[in-house]
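Each reported figure results from applying straightforward, stated rules to the coordinates on display, with no laboratory input. All values derive from a computational prediction rather than experimental measurement. FYI the Cβ positions are ideal-geometry reconstructions off the backbone, even for glycines, and counts take in every protein chain you see.
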Amino acid sequence: MRNRFSFQRFWSIVKKEFFQIIRDPVSIKVPIVIPIVWIVLFGYSVQNNVDHIALAVFDQSKTQESRELVSLFSNSGSFTVAKDVASISELSDLLDAGKVRSGIVIPPNFQKALQSGEAAKVKFLVDGTDPTIAGTALNSASLVWKDYIADITGQRMNLLGIGESSGFNSLVLATDIKYNPTMENSVFSIPGLIALIVQNITIMLSAFTLVREREKGTIEQLMVTPVKASELIFGKLIPYIVIGYIGFLFSLIICILLFGVHISGSFPLFLGLCFLFVLCTLSIGILISTIAKTQVQAMNYTSLILLPSVLLSGFIFPREAMPVVIDTLSYLIPLTYFIEITRGIMVKGVGIEFLITQVTVLCIFTLAMLSIACMRFKKTLD
Amino acid sequence: MEYAIEVEGLSKHFGSYAAVDNISFSVPKNKIFGFLGPNGSGKSTTIRMLCGVLLPTAGNLRVLGKDVKTNTDFVRQNLGYMSQKFSLYEDLSVEKNLDFYAGIYGLNKSAREVRKRELLSMAKLEGREKQIAGHLSGGWKQRLALGCAMIHRPQLMILDEPTAGVDPISRREFWGIIRELADQGTSFLITTHYMDEAERCDLIGFIYNGKIIGDVVSPIHLLEQERAKGIEDVFVRYVDRMNKEESSPGIGGYNA
């Protein structure tokens, strides 16, 4: 025998909540301060773009051609020639000591190989201790090598006026890096960072909204009024959607200004799906708010959600490298899906047709959590 | 007679503990009913059941002639509740607090303005509309809370220790307002620990250990009946009697 959803009551909650947020310095600062702090912290510290990797050169050819190859390595910016060595063992020692991270060994017959197509191997050695550095070194080396071969082939063609030379086939490195050929780290981490910031702002703000009323005793007053759980919850949601979205736009602008990231895909689609994610994370916050008894508890529940989401969502660690159990857990975190969405749209430039699964899952998450929040809140009235 | 509150065999159990144990009483309309009892005696539990916030384990509850269980909307729309915590939004202004509850109770714009004027004048808060509720002193906060609780012109007001922690002058002023409202036709249920306030009630009832002791009578009548000097004496006598009965159930020397 309960009454219907009343727009007037709903709107009264929206206005009240909005006035309270305006008067609360913390709520106003959160969507501005968090993006700045997080972007500076993560944007720069998670930068694992490596350049000027120390390179040792063992040039047994000592010809103009070999020197040219070495200078290509150092000109790439990825490598700095740290030392010329006279033997393989000297090079190994340097690698062992960590004085260089990579080494190149040019065979004595390098020039001949170029001129007459004699078989020859240029060796590239990498210290694999830090996979990030190793990965960058390998990729940069293969790029340099490709450029060099293309250059030589071109010269040869001009000289001889004939087609493809057969002499270099054995020397081609088959590494192909898609989307981010320069392995620019910010391109990879910024979309995830934006997603993470949106999540943190919205959960932090909304997790306290009902708890605060419970602690101050105002919930007791609301309980004896005709207000419905759904009116209260949706009414509280609206102002936080606005605040959360402002926080998102703000982070996006900072990332564009500081890191020069751009959105390869559809901008309206990106904005729209961000809205969906704001809704989704707000519903997590509201749900926390219906469970927690005090603001301290709400804080604890919030960190209980934030930490795993940072670790498991694929924001820092690739999910491909996770054990199956952990990877399965990551499917329970909305951030996982939204990071796939942001990376998909920002980096790969894909359209909605590739993101249907993620969007559907986020919608289900949102509806489920809001329903549970409404039901739980009704229960607490009893 | 028309009743504001009718309680019949009401019980509320939390697990095996009976917070309210089979109580019955009724309060006629347009009266100030003082609901007295020490902390933890079951007052608040009873009040929460009257407001329809807590479901009784057993018994019947009628507010303004309607069953609370089946007429929750009617009860919520016609009952005002004010707690000792003055549940105001302390970060909002006096006016915004009133506006909020006016919206929650569905008052339209013109009705809201009229009602706000009335309540501001009743609470002696005129000229303080823009002041932040949290900055008001105790007595003002209390009167604003009362105003918010009755923005929808409820026929029954339930006040749970409304004067706790308020200075004597403000308390007297508050009771003046309550008396005036009662004379205009509002029914009240008030809990209090101040015996001078108990004496100002039209009717009083005692609850102890979840049970009602004695009848709901006027304070004067009670004093005559018990041949006591003050309500406090009666109160202490009741509690002693209850404790004796409970410690020696076989004797039962007193008839309450």
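Inside 10 Å of the C-beta atoms of B:95-103, what's the mean count of C-beta atoms belonging to other chains? Present the calculation step by step, with values, prior to reporting the outcome.
On the way: counts 0, 5, 2, 0, 4, 9, 6, 2, 11.
Average neighbour count from other chains, rounded to a whole number: 4.
Taking every residue in B:63-72 and counting other chain Cβ atoms within 10 Å of its Cβ, the average works out to 1. Helix A:185-207 axis versus longest C-alpha principal axis of chain A: approximately 10°, rounded to the nearest ten. Only aspartates and glutamates eight or more places from A:Lys62 in sequence, or on another chain, were considered; those with a Cα closer than 13 Å are A:Asp84. In this label model, A:Ser76 and A:Lys146 are separated by 1.1 nm, measuring between points 7 Å along each Cα→Cβ vector. Rounded to the nearest 10 degrees, what's the angle between the helix A:131-160 long axis and the longest principal axis of chain A, both from Cα atoms, 0 to 90? For helix A:131-160, the angle is close to 50 degrees.
Which of the residue pairs A:Lys228/B:Lys12; B:Lys29/B:Lys69; A:Lys15/B:Lys130; A:Lys216/B:Lys211; B:Lys43/B:Lys96 have a Cα-Cα distance greater than 26 Å in the structure shown? Could you put the intermediate results ahead of the total?
On the way: A:Lys228/B:Lys12 24 Å; B:Lys29/B:Lys69 20 Å; A:Lys15/B:Lys130 16 Å; A:Lys216/B:Lys211 30 Å; B:Lys43/B:Lys96 31 Å.
With Cα atoms farther than 26 Å apart: A:Lys216/B:Lys211; B:Lys43/B:Lys96.
Taking the empirical scaling 2.2 N^0.38 Å for compact globular proteins as reference, region B:3-247 has a Cα radius of gyration ratio of 1.03. Under a 5 Å amide H cut-off, with hydrogens placed 1.01 Å from N, B:Met157 pairs with B:Gly80, B:Ser187, B:Phe188, B:Leu189 among residues at least 5 apart or on other chains.
Within chain B, the longest segment free of exposed loop sites, counting trypsin sites (Lys or Arg not before Pro) that fall outside DSSP classes H, G, I, E and B and have at most 10 other Cβ atoms within 10 Å, spans B:1-129. Taking a point 7 Å from the Cα of A:Val37 along the Cα-to-Cβ direction, the residues of region A:200-241 with backbone N closer than 13 Å to it are A:200-201, A:204-205.
What the phi angles of region B:149-166 give under the Karplus curve with 6.51, -1.76 and 1.60, with θ = phi - 60°, is a coupling list of 6, 10, 4, 9, 6, x, 7, 10, 10, 10, 10, 9, 6, x, 10, 4, x, 10 Hz, glycine and proline written as x.
Using Cα pairs under 8 angstrom and six or more residues apart, how large is the relative contact order of chain B, in percent? Display every interim value, and only then the final one.
Working: 446 pairs, mean separation 64.4, N = 256.
Here the relative contact order equals 25 percent.
Helix B:231-247 and the long axis of chain B differ in direction by around 50°, with both axes built from C-alpha atoms. Projecting label points 7 angstrom from Cα along Cα→Cβ for B:Glu113 and A:Ile316 puts them 5.9 nm apart. Using a cutoff of 8 angstrom between alpha carbon atoms and counting only pairs six or more residues apart, the relative contact order for region B:44-117 works out to 19 percent. Can you check what the net charge comes to around A:Leu282, using other residues whose Cβ is under 13 Å from the Cβ of A:Leu282 (Lys, Arg +1; Asp, Glu -1)? Counting the neighbours of A:Leu282, the net charge comes to 0. Backbone geometry of region B:113-129 corresponds, through the Karplus equation with coefficients 6.51, -1.76 and 1.60 at θ = phi - 60°, to 3J(HN,Hα) couplings of 4, 4, 5, 4, 4, 4, 6, 5, 6, 4, 7, 6, 10, 4, x, 10, 3 Hz, x marking Gly and Pro. With a Förster radius of 41 Å applied to the C-beta separation of A:Ala86 and A:Leu307, the computed FRET efficiency comes to 0.20. Ordered by the number of other Cβ atoms lying within 10 Å of each residue's own Cβ, fewest first, B:Ser137, B:Ser170 fall into the sequence B:Ser137, B:Ser170.
Loop-located GluC sites (Glu not before Pro) across region B:38-145 with a Cβ neighbour count of 12 or fewer within 10 Å are B:Glu126, with loop assigned by DSSP.
The calculated 222 nm mean residue ellipticity attributable to helices in chain B amounts to -11500 deg cm²/dmol, summing -39500 (n - 2.57) over DSSP H runs of n ≥ 4 and dividing by all residues. Could you work out how much longer the chain between A:Lys293 and A:Val325 gets when fully extended? Use 0.36 nm per residue separation minus the Cα distance between them, nm to one decimal. Going from the current span to full extension adds 8.4 nm.
Relative to the Cα centre, what is the charge dipole magnitude of region A:7-155, using +1 at the beta carbon of each Lys and Arg, -1 at the beta carbon of each Asp and Glu, and rounding to the nearest 20 debye?
On the way: 14 positive and 15 negative charges, 192 e Å.
Rounded to the nearest 20 debye, it is 920 debye.
Site pair B:Glu180 and B:Val236 shows an inter-label distance of 3.7 nm when each label is modelled 7 Å from Cα along Cα→Cβ. Close amide H partners of B:Val20, meaning residues 5 or more places away or on another chain with modelled amide H under 5 Å apart, are B:Lys12.
If contacts are Cα pairs under 8 angstrom and at least 6 residues apart, what is the relative contact order of chain A in percent?
Details: 489 pairs, mean separation 73.4, N = 382.
The value is 19 percent.
Taking chymotrypsin sites (Phe, Trp or Tyr not before Pro) that fall in a DSSP loop and have at most 16 other Cβ atoms within 10 Å as cut points, what is the longest piece of chain A between them? Don't skip to the answer; put the middle values down first.
Numbers: sites that count: A:Phe5, A:Tyr179, A:Tyr331.
Counting at most 16 other Cβ atoms within 10 Å as exposed, the longest clean stretch of chain A is A:6-178.
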